[in-house]
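Take a look at the structure below.
The values are calculated or read from the model by the stated rules, or taken from the named source; none is laboratory data. None of these values were measured; they are calculated from a predicted model. Cβ coordinates were reconstructed from backbone atoms using ideal geometry, including for glycine residues, and neighbour counts include every protein chain displayed. SASA here: full protein model, heavy atoms, side chains in, ligands and nucleic acids out. Shrake-Rupley method; radii C 1.70, N 1.55, O 1.52, S 1.80 Å.
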Amino acid sequence: MKLSYDKSTDSLYIELRDMPARRTREIEPDVMLDIGDDGEPIGYDVQHASTKRDLILSIVLETEPKIAAE
């Protein structure tokens, strides 16, 4: 897992796996989930990250990220 924070935009990218995204899905306001070719999560893009600490902790501490229902 790799975290990249941009203070100027208050955005955080949580990279779970280093691979290109096949599609992106908004799982809640200001939170995008990148999904790989295999249909599994590869990362989260969190906007307004400083206001979403509980969500970020749940993503980082969760062993198997969940994909929102289609």
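General remarks:
- Think of each Lys and Arg Cβ as +1 and each Asp and Glu Cβ as -1; about the Cα centre, that makes the dipole of the chain roughly 160 debye.
- Remark: the Lys2-Leu57 segment gains 18.4 nm on full extension, using 0.36 nm per residue and subtracting the alpha carbon distance.
- Relative intensity, log₁₀ I(q)/I(0), of the chain from a Debye sum that treats every alpha carbon as a point, q = 0.19, 0.23, 0.28 Å⁻¹: -0.71, -1.05, -1.48
- Highest-first arrangement of 39-50, 15-26, where packing means the average Cβ count within 10 Å: 39-50, 15-26
- The chain - percent of accessible surface contributed by carbon and sulfur, probe 1.4 Å: 49 percent
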